1. At 1.4 Å probe size, with every protein chain present, just tell me what the per residue accessible area of the range B:240-297 comes to in Å².
2. In Å, what is the Rg of the alpha-carbon atoms in the protein assembly as shown, and how long is Dmax?
3. Would you mind giving the total buried accessible surface between chains B and A, with a 1.4 Å probe and ligands, DNA and RNA left out, rounded to the nearest 100 Å²?
4. Would you compute, from DSSP H runs of 4+ residues alone, the mean residue ellipticity of chain B at 222 nm, taking -39500 (n - 2.57) per run and dividing by the full residue count, rounded to the nearest 500?
5. If each residue of separation counts as 0.36 nm, what is the full-extension length gain between residue A:194 and residue A:326 once their alpha-carbon separation is subtracted?
6. Please compute the modelled spin-label separation between residue A:149 and residue B:221, points set 7 Å along Cα→Cβ, answer in nm with one decimal.
7. Go through the range B:29-47 and flag every residue whose accessible area shrinks by 20 Å² or more with all protein chains in place compared to the isolated chain (probe 1.4 Å).
8. Among A:121, A:74, A:100, whose Cα sits farthest toward the positive end of the charge dipole of the range A:1-126 (+1 at Cβ of Lys/Arg, -1 at Cβ of Asp/Glu, about the Cα centre)?
Amino acid sequence: MNANTQESHAPLAGRYFDGHSSRLYHVTLSVRDGVAMLAGDIERSCPLGELHVSERSSHAVRKVSFPDGAYLEIADQAAFNNVLHDTGHRDGWVVRLQQSWRGALLATVATVLALWLSYQYLLPLVAKGLAYAIPQSVERQLGQGVLDFLDGHVFEASKLAGTRQQALRNQFARLATPGDSTLEHRIVFRKSKIGPNAFALPSGDIVLTDEMVELMPDDDAIMGVLAHELGHLQQRHLTRRIIQTSAVGAGAALLFGDVSTVVATVPPLLLDLKYSRDVERDADDYAIAMLRQNGIALEHLAQVFVALGKLDQGTPYLSSHPASTERIARIRAAQR
Amino acid sequence: MDFDTNNTMPKREAITFSATGSEYFRIWIVNLLLSIVTLGIYSAWAKVRRNRYFYSSTHLAGSSFEYHGNAVAILKGRIAAVVLIGGYNIALRVSPIVGLLMFVLLAAILPWLVWKSLQFKLYNTSYRGIRFGFGGSAKEAYKYFLWLPILNTFTLGLMTPFLHQRLKRFQHTQSRFGTSQFSFDATVGSFYKTYLLFFALLLGGLLVLIFVVFGSVFASFAAHANDATKVGSLMFAIGALYLWAFTVLPLFLTMIQNLIWNHTRLQQHQFQSQLTWGRTTFIMLTNLLGVVVTLGLFAPFAHVRWLKYRLEATSMLVHGSLDEFVAATGQQVSATGEGMADLLDFDLSM
């Protein structure tokens, strides 16, 4: 520490508190030979090395704390900064970053970039890793009860003949699947109040509605639908999505939660849409691979989306699924 | 020195808050970045930085406050919180029974954690070199944070104002500054009056909205107007509902905060809180708008604005001198103090 230059500073006015009572002592601070000296209502000296100086800021009062809990408040920031500078005190890099606008701008850009990168790459990667690490039995339990709930509220027993159901199941079971292992799964048929639909639950159930079966032009198209849903299961899409939405939700609550909970619920909702479109594409790719492996023309799969596309009355503004035309184009491109 | 405090006129000392949005923005963005890249670990240090800045920007009678919170203790509290909340959410998904068990576990330890968190917060705040403190027993914490709330659910929430009064009374009478206790004398009746006034206004406004605004929605549906008109009138009605909610909520905040602080004393010194409905509403609405429009970048400015208004509406009527408070014994011995070492902060806010 530089001990020779301090004589040039005029003593600084300060307010001293001894840590035992709330009494205010008016004092002056001067620094000589590496020792801080107080004079005025109280006299005290202390080596600089034992003092602690609070972080620099332009609007908060700076404090010098003594080892016994006493402390000194100094109002004249500029003069105090000079003294600190001359005694060799240096702010930490975080404080320097916080005090400069360039640093703040840099931090803003880096923050936006970090948020975007983790949303785009890190989070899906972590969610994937976690989803595959979760034991099958736990994942099964995630989906348990969902089908029971739906049976109670949305579904009725299927009107399809049992022989027809079994024939479709057998036809799908005969198909080879991409990859070395196939998840245990169960195909269930239901009549629904919500029209043509097919989805896979983490419990391993692939639900196919009667309306969906009727909508499909031929049985190979139905195989295409089932392959797509098996793709969801195989790639643990639902579990991954649950992990991702929880993480985005927690992040948004931390970022915006202080201001308004209403605002905090919007970003997760919007951000989830991108993930779900990615997931549909992944499942389409799985279906393409599976049909190809079994020598079924991809056109059958394309016909699934042609049929579904006809159902769409007008395009919804924010959609969770890619547009049918886009998916058909992708499948036909894979055909070539 | 004048010791005859009863005969002197009280001196009014207003709280001033010197933090600015632009300076806090720089602190906030650097903290945010470091918190993100360290996967949240730095957030404990960020909280210490933020609190230190805010506390030393808060002045009363020429002296500022100081925050002494220890980042490692905060980090421990946060890890506990994340494990508990995360565990509860996962348990609930795995099976309702495991979820219920986890819920019972949470209910059993949450009051204790809230109590520790209150102690942490006050013990780590000082003014004029003297630390605040929070007493109370674990038994009382369980009474006010667990048993009474459970009881309240059986009364369909009719006990809420009573519960609110008891909670604030517990909080304010168990707080001390050095060796001086705070006191609290707002009655249960005044809490019921505030809640009733709020609900009367809320309901009155809702009735008006239903008759005037939703009337026009029904009219547009009944007249088989085109879809755009229907959607438009419905959006307008929902917007009006939100606007009303955001206008009435600040009223409640204003009334309750004024009620609580106008009945709190530190020995003979009386607190005063003079928030107004109009200003509170204006600040909250413009803050919300600012945050939405700037995609969150306005958040630190909004925070400072709101804090500044709330703090500067508070003042202290000083009877005599603020020089006579004495630090609690035991605290002088060491900065951490025996028995304070196991404190952890449970507060999750950034």
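1. Averaged over the residues of the range B:240-297, the accessible area is 48 Å².
2. 32.0, 102
3. On the way: alone 19430 and 19190 Å², together 34480 Å².
Chain pair B/A: roughly 4100 Å² of buried accessible area.
4. On the way: 11 runs with 211 residues, N = 350.
Value at 222 nm, helices only, nearest 500: -20500 deg cm²/dmol.
5. 45.1 nm
6. With each label point 7 Å from Cα toward Cβ, the separation is 2.7 nm.
7. Listed in order, they are B:29, B:30, B:32, B:33, B:34, B:36.
8. A:121
The values are calculated or read from the model by the stated rules, or taken from the named source; none is laboratory data. The structure presented is a predicted model; accordingly, all values stated were derived computationally and were not measured. Here the Cβ is made from the backbone with ideal geometry for all residues, glycine too, and neighbour counts use every protein chain on show. Note: areas computed on protein heavy atoms with side chains; ligands, DNA, RNA excluded. Shrake-Rupley method; radii C 1.70, N 1.55, O 1.52, S 1.80 Å.
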